[in-house]
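The values are calculated or read from the model by the stated rules, or taken from the named source; none is laboratory data. Just so it is clear, the structure is predicted and the values come from calculations on it, not from any experiment. Here Cβ is always computed from backbone atoms with ideal geometry, including for glycine, and neighbour counts include all displayed protein chains.
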Amino acid sequence: MLGVDINERFEAVQGRIRQAEADAGRPMNSVGLIAVSKTQPADAIREAYALGQRDFGENYLQEALAKQEELVDLEDIVWHFIGPIQSNKTRPIAEHFDWVHTVDRIKTAERLDQQRPAHLPPLNLCIQVNVSGETTKSGVELSELVDLSDRMDQLHRVDLRGLMAIPAPINPSDEDPSRPLRRSPGLWVASQWECQMIWSGPFARAQRGSESERRSLVHAVPKLESPSQTSSHL
């Protein structure tokens, strides 16, 4: 049964998060959970919501809008857009989401700022950083991070809330996937931000690091259908 399956997986992920917090020396409940609900039906989101989950991540705009319409009665649900952003899609994203995690150009941020409806609170944005310098991944280069963040800070209808990064696979013995980001001269910009790292290995390792990192919030992001392949965000 789908409901039983989601319940068991949700409880298991929550237990792993709490244990990872303890292992990393983080305060309890300092790690948030975004359930990546792309390709999942609205009924599955509703079941997770009934268990206490509030934050949901969607990659595909049209699919997300359809589910949002079906779930309009869930008033305190929080929608995160975590997919690539096309210029012709910024208006519906600005109108229908609470968070956007994949901003890597000032043009995108400006469009979201201009198109955010006045009756809604400012849209929360994260800069996507190509933390490993991989040519196959999107994101701003570390050397461009400070300039982009300074320019985004001048906008009025969006709030720059932090960074999102997808590090390259590393040796399992290396417990610090955020090392390239922490070596960046722009890290001071993020010291009071939410720091998100999508991590394909055990997410406990993505929560360890320096004291400056521990002041930031890390989001664990398990897919509803596959908690054994948990990612951690940021």
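Which residue out of Asp43, Asp55 is under 28 Å from Asp73 (Cβ atoms) and in contact with a His (Cβ under 8 Å, 6 or more places away or on another chain)?
From the options Asp43, Asp55, the qualifying one is Asp55.
For residues that are closer than 21 Å to Asp43 by Cα and either outside any helix (DSSP H, G or I) or at pLDDT 85 or above (or both), tally how many sit in region 1-30. Break it down stepwise before answering.
The first filter runs over region 1-30 and keeps only residues closer than 21 Å to Asp43 by Cα, leaving 1-14.
Checking the rest, the ones that are also either outside any helix (DSSP H, G or I) or at pLDDT 85 or above (or both) come to 1, 6-14.
Qualifying residue count for the region: 10.
Scan region 21-32 and give yes if some residue there is surrounded by 14 or more Cβ atoms within 10 Å (Cβ to Cβ), of a type in the set (Ser, Thr, Tyr) and more than 26 Å from Gly83 (Cβ to Cβ), otherwise no.
Initially, region 21-32 is screened for residues surrounded by 14 or more Cβ atoms within 10 Å (Cβ to Cβ), giving 21, 24, 26, 30-32.
With of a type in the set (Ser, Thr, Tyr) added as a condition, the list becomes 30.
Now restrict to residues that are more than 26 Å from Gly83 (Cβ to Cβ): 30.
Yes, that holds for at least one residue.
I'd like to check something: does region 33-44 contain any residue that is part of a strand (DSSP E or B), closer than 30 Å to Asp147 by Cα and out of contact with any Lys or Arg (no Cβ under 6 Å at 6 or more places or on another chain)?
yes
Please go through region 50-100 and pick out each residue that is in a loop (DSSP other than H, G, I, E, B), acidic (Asp, Glu) and over 19 Å from the mean Cα position of the chain (by Cα).
Passing the criteria: Asp73, Glu75.
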